[in-house]
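Some notes on the structure that comes next.
The values are calculated or read from the model by the stated rules, or taken from the named source; none is laboratory data. Keep in mind that what you see is a predicted model, and the values were worked out from it rather than measured. No Cβ is skipped: glycine too gets one built from the backbone with ideal geometry, and neighbour counts run over all protein chains shown. Only protein heavy atoms, including side chains, enter the accessible area calculation; ligands, DNA and RNA are left aside. Shrake-Rupley method; radii C 1.70, N 1.55, O 1.52, S 1.80 Å.
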Amino acid sequence: MINFIKQCACTSTTSILANKGRSFLTMLGIIIGVAAVIIITALGAGAQNLIISQIETFGTNKVGVLPGKSDDQGAPASAYGIVVTSLKLEDAEAIKEQIPHIEAVVAFANDAASVSWQSNSYSTNIKGVSADYFLVEGGKIEQGRPFTDREIKDLSKVAILGYTVKKEIFGESDPIGEKVKIKGHIFEVIGTTEERGTVAFQNYDDQVLVPIKTVQKILAGVDHINLIRASVDDEKNIPEVEERMTMLLRDRHDISDQSGDSDDFSVRSSADALSIITTITDALKYFLAAMAALSLIVGGIGIMNIM
């Protein structure tokens, strides 16, 4: 047996040395292929963990409503920047009032603009928000105060600056009570938020919060909203909340088709997002594992040809 092994080793070594160029290229292909797959697999696992941790940090008890229909495994067109006007502020108010297990609901009307003070100017995201913003999204006021209910309802020109916006425009100066200009309109700064960074791929520091109706009627000139997000009292109640949201919005939007094909909105939970992301990244891992096996097979065939 030992002699057989020695004979095989000698034969293999002789064959490899006799075809140095082909042998080198075959081994190089195997090394590069396997190394690349290992690196990509590691990066894929790291990206999956990052995405999952971001969503878990944001909270797994959230349910969102986006305008526009989507299938079970995809996102609606509005998620890709296409304007869909099917959601209204009244939809968010109805969800808060009529659906059990809802703790708080925030509606968003998004815009973008330069915010200026004296000679300083900074381009940022303008977030029109309703009263429950901090209850749903988290975060804290660092200076000043949040919006009052009257300011939310009365088209008040008041603003809360994100941490980065405050630093870029005011530096170390106290912004509370100062006037900033947004799209030619004067807004009073009533608060700033604590530094928070990026959570669930949203930069909470690079934004200005404004009462939602003020953004709709004064800044953007629209009557629709971009997103509704609700927090649920317990994760186990999320399926019921999603079903009730769907039925309520179909009724409000005069949609009689119960199959979902005619829906002009999409209801998604944090758990749905985690499931979709896990499915996609797991499929990617299996694909890369198959590529690794293929690389080894091809390399093995190359060695056999040498011999």
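Hey, any hits in segment 120-128 for a residue that's under 23 Å from VAL83 (Cβ atoms), of a type in the set (Ser, Thr, Tyr) and modelled with pLDDT of 95 or more? Full working, then the answer.
Within segment 120-128, the subset under 23 Å from VAL83 (Cβ atoms) is 123-128.
If we keep only those that are of a type in the set (Ser, Thr, Tyr) as well, we get 123-124.
Narrowing further to those that are modelled with pLDDT of 95 or more: 123-124.
Scanning segment 120-128 turns up at least one residue that is under 23 Å from VAL83 (Cβ atoms), of a type in the set (Ser, Thr, Tyr) and modelled with pLDDT of 95 or more.
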Extreme residue, farthest from the chain's Cα centre (by Cα), among residues of segment 241-271 that are charged (D, E, K, R) and surrounded by 14 or more Cβ atoms within 10 Å (Cβ to Cβ): ARG252
Residue under evaluation ILE152, criteria (1) under 25 Å from THR85 (Cα atoms); (2) modelled with pLDDT under 95; (3) open to solvent by 60 Å² or more (accessible area, probe 1.4 Å), criterion not met: (3)
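Given the condition more than 27 Å from ASP233 (Cβ to Cβ), in contact (Cβ under 8 Å) with a residue 60 or more places away in the chain and either under 22 Å from the mean Cα position of the chain (by Cα) or open to solvent by 70 Å² or more (accessible area, probe 1.4 Å) (or both), answer yes or no: does some residue in segment 126-143 qualify? Don't jump to the end; show me each part of the working.
Residues of segment 126-143 that are more than 27 Å from ASP233 (Cβ to Cβ), as a first pass: 126, 142-143.
Filter again for in contact (Cβ under 8 Å) with a residue 60 or more places away in the chain, leaving 126.
Of the ones still in play, those that are also either under 22 Å from the mean Cα position of the chain (by Cα) or open to solvent by 70 Å² or more (accessible area, probe 1.4 Å) (or both) are 126.
Looking through segment 126-143, at least one residue is more than 27 Å from ASP233 (Cβ to Cβ), in contact (Cβ under 8 Å) with a residue 60 or more places away in the chain and either under 22 Å from the mean Cα position of the chain (by Cα) or open to solvent by 70 Å² or more (accessible area, probe 1.4 Å) (or both).
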Subset of segment 89-106 [buried (at least 17 other Cβ atoms within 10 Å of the Cβ) and within 23 Å of the chain's Cα centre (by Cα)]: LEU89, ASP91, ALA92, ILE95, ILE102, ALA104, VAL105, VAL106
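Does GLY197 satisfy the criteria of being touching an Asp or Glu at 6+ places or on another chain (Cβ under 8 Å), open to solvent by 10 Å² or more (accessible area, probe 1.4 Å) and modelled with pLDDT under 95? It would help to see each step written out before you state the result.
Working: touching an Asp or Glu at 6+ places or on another chain (Cβ under 8 Å): yes; open to solvent by 10 Å² or more (accessible area, probe 1.4 Å): yes; modelled with pLDDT under 95: yes.
Against the criterion (touching an Asp or Glu at 6+ places or on another chain (Cβ under 8 Å), open to solvent by 10 Å² or more (accessible area, probe 1.4 Å) and modelled with pLDDT under 95), GLY197 qualifies.
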Any pair with Cβ under 9 angstrom, 6 or more apart, that starts in segment 169-191 at a residue that is more than 15 Å from VAL158 (Cβ to Cβ) and ends at one that is aromatic (Phe, Trp, Tyr): ILE169/TRP117; ILE169/TYR122; PHE170/TRP117; SER173/TRP117
VAL83 closer than 23 Å to LEU219 by Cα and modelled with pLDDT under 95: yes
Residue among VAL208, VAL215 that alone is within 17 Å of ILE152 (Cβ to Cβ), at pLDDT 95 or above and touching a helix residue (DSSP H, G or I) at 6+ places or on another chain (Cβ under 9 Å): VAL208
Any pair with Cβ under 8 angstrom, 6 or more apart, that starts in segment 103-123 at a residue that is free of Cβ contacts under 8 Å to residues at least 60 places away in the same chain and under 22 Å from GLU137 (Cα atoms) and ends at one that is open to solvent by 60 Å² or more (accessible area, probe 1.4 Å) and part of a strand (DSSP E or B): ALA112/SER123; ALA112/ASN125
